[in-house]
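Q: Would you mind keeping the following structure in view while I ask a few things?
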Amino acid sequence: LDVGGRWAPLADKVRERTEEHILTFVDMHYLLALAAVGDGKAHEMREFLAAYEGDEADSNLPIMKALGVPMADAIIAYREGRYDDATAAMMPVRYEVWQVGGSHAQRDLFELILIDAAMKGCNAALARGLLAERRAAKPGDHWTEKTYAGLLAA
């Protein structure tokens, strides 16, 4: 879905907040906006996330290291058109994304990114498998049914 220039105002709002690290969930959404505008700040944020040490009381730190960094890699790779890299980064953590927080609907975006990356990366077998899994988890989901049928017909 092309949202036109609507990413730019979001990126402007988060550009100076990339070192806050309130929640990994929030960081990933900041990163989505920054990666969408492609100004390099997403790469800076990813490096900061990887280097972030927090403190002993920071319960977000293990989640940031285990999930945030690979998710950041996936988001950046996806926005740069490196779909195989995006898939490779997201696949190992896809069942753990719930730990970053947010609602099921909010986290669903990351599954959709993975599926789309698999399709655009010409990994049709993986995309079919991911969609079959999604069909079982979300019976009757229109997008899933339509996309799955399209892949089977191809």
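Q: Taking interchain pairs and intrachain pairs at least six residues apart, which have beta carbon atoms under 8 angstrom, with the first residue in segment 10-28 and part of a loop (DSSP other than H, G, I, E, B) and of a type outside the set (D, E, K, R) and the second at pLDDT 90 or above and surrounded by fewer than 17 Cβ atoms within 10 Å (Cβ to Cβ)?
A: As it stands, the answer is THR18/GLU44; THR18/PHE48; LEU23/GLY101, since those pairs meet every condition given.
Q: Sort through ASP73, ASP27 and tell me the only one that's modelled with pLDDT of 90 or more, surrounded by 17 or more Cβ atoms within 10 Å (Cβ to Cβ), among the acidic types (Asp, Glu) and more than 17 Å from LEU114 (Cα to Cα).
A: It is ASP27.
Q: Evaluate the following for ALA66: is it crowded, with 18+ Cβ neighbours inside 10 Å and modelled with pLDDT of 90 or more?
A: no
The values are calculated or read from the model by the stated rules, or taken from the named source; none is laboratory data. Please read all numbers here as calculations on a predicted model, not as lab measurements. Neighbour counts run over all protein chains shown; Cβ positions are idealised from the backbone, glycine included.
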